[in-house]
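Colleague: Have a look at this one.
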Amino acid sequence: MRKNNLLALLLAAGLGAAACTSEMTAEKIRVEIPSTGVLKPGAAFEVVVAPFWLEKEVKEFDLNKDLAEYLLEEFKARYPGPVAAKPVAWTGAEMADRPEAWAKAALGPAGALVLTGKAAFSREARKALLAAEKRKFDDPFEPEKRWAERLNFELKIEVLLLKAETGEIVARNAFEDNLNYENTRQTPAFAFHDLLDRIKPRLLRFLFGSARVQERILLLKSKEFS
């Protein structure tokens with residue numbers, strides 16, 4: 001008899017606990033996750049934009065001049081400290097990893113950073129074999145084919161941030177992109193700026209950081225019921 005009473009009590013307790021539980025619901029939300037770039041928020045030391053080492057000279061326009069103007073404009077819009085462009089004579093691609101050469105160049109005062117790097121810009125005419133749309137009386141087994149020409153441009157940039165006083169590399173990162181144009185008369189200067197605009201978000205994120213929007217699951221506890 002006692003055994004039956006004990007089982008009844010346990011069963012009643014279990015049912016009561018189940019009746020008083022609460023439900024959990026999941027809600028998907030979007031949150032901004034900040035990331036810090038190599039230039040910390042509030043930094044105001046001088047930044048010197050120096051010429052880049054060019055893998056191959058570009059005849060149609062002054063790549064270094066256009067790149068320096070582009071970087072200066074972006075810095076002045078986002079950076080609170082002084083920014084200037086100064087010349088430097090590269091002795092070769094290996095100079096990027098020679099701190100003594102940059103220290104000797106004396107591009108800025110103690111605490112200043114030098115923004116420089118390496119760049120490669122190229123174009124290539126490519127041909128693709130395209131199948132044209134069949135006309136009413138075309139042979140169904142031999143579709144008309146023609147060659148289409150595309151102009152491909154590619155830009156590669158390795159960005160270096162150096163201490164002006166010692167030439168020590170503070171940070172470096174590489175970026176690249178390419179574009180195809182149906183217009184075979186597209187000018188290299190126009191394509192160069194198109195490619196810079198495509199690289200720009202990644203470059204600015206590297207330098208200044210950004211807030212990325214990410215999805216998260218939020219668990220919500222609904223009201224209790226019994």
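What follows is calculated from the coordinates using simple rules that are stated; it is not laboratory data. Model, not experiment: these values are computed from the prediction. When we count neighbours, we look across all protein chains shown, and the Cβ atoms used for this are built from the backbone with ideal geometry, even at glycine.
Colleague: Over 18 Å between Cα atoms, which of 127/156; 56/104; 65/104; 86/118; 156/200; 40/163 qualify? Let's see the in-between values first.
Modeller: Numbers: 127/156 23 Å; 56/104 25 Å; 65/104 23 Å; 86/118 16 Å; 156/200 12 Å; 40/163 15 Å.
Exceeds cut-off: 127/156; 56/104; 65/104.
Colleague: Please report, in whole Å, how far the alpha carbons of the range 45-208 spread along each principal axis, starting with the longest.
Modeller: Between the extreme Cα coordinates on each principal axis of the range 45-208 lie 78, 32, 24 Å.
Colleague: At 7 Å along the Cα-to-beta-carbon direction for both residue 69 and residue 205, put a label point, then send me their distance in nm to one decimal.
Modeller: Computed distance between label sites residue 69 and residue 205 equals 2.9 nm.
Colleague: Nothing charged except the Cβ atoms of Lys and Arg (+1) and of Asp and Glu (-1): what's the magnitude of the dipole of the range 45-208 about its Cα centre? Round to the nearest 20 debye. Working shown, then result.
Modeller: Working: 26 positive and 28 negative charges, 37 e Å.
It comes to approximately 180 debye.
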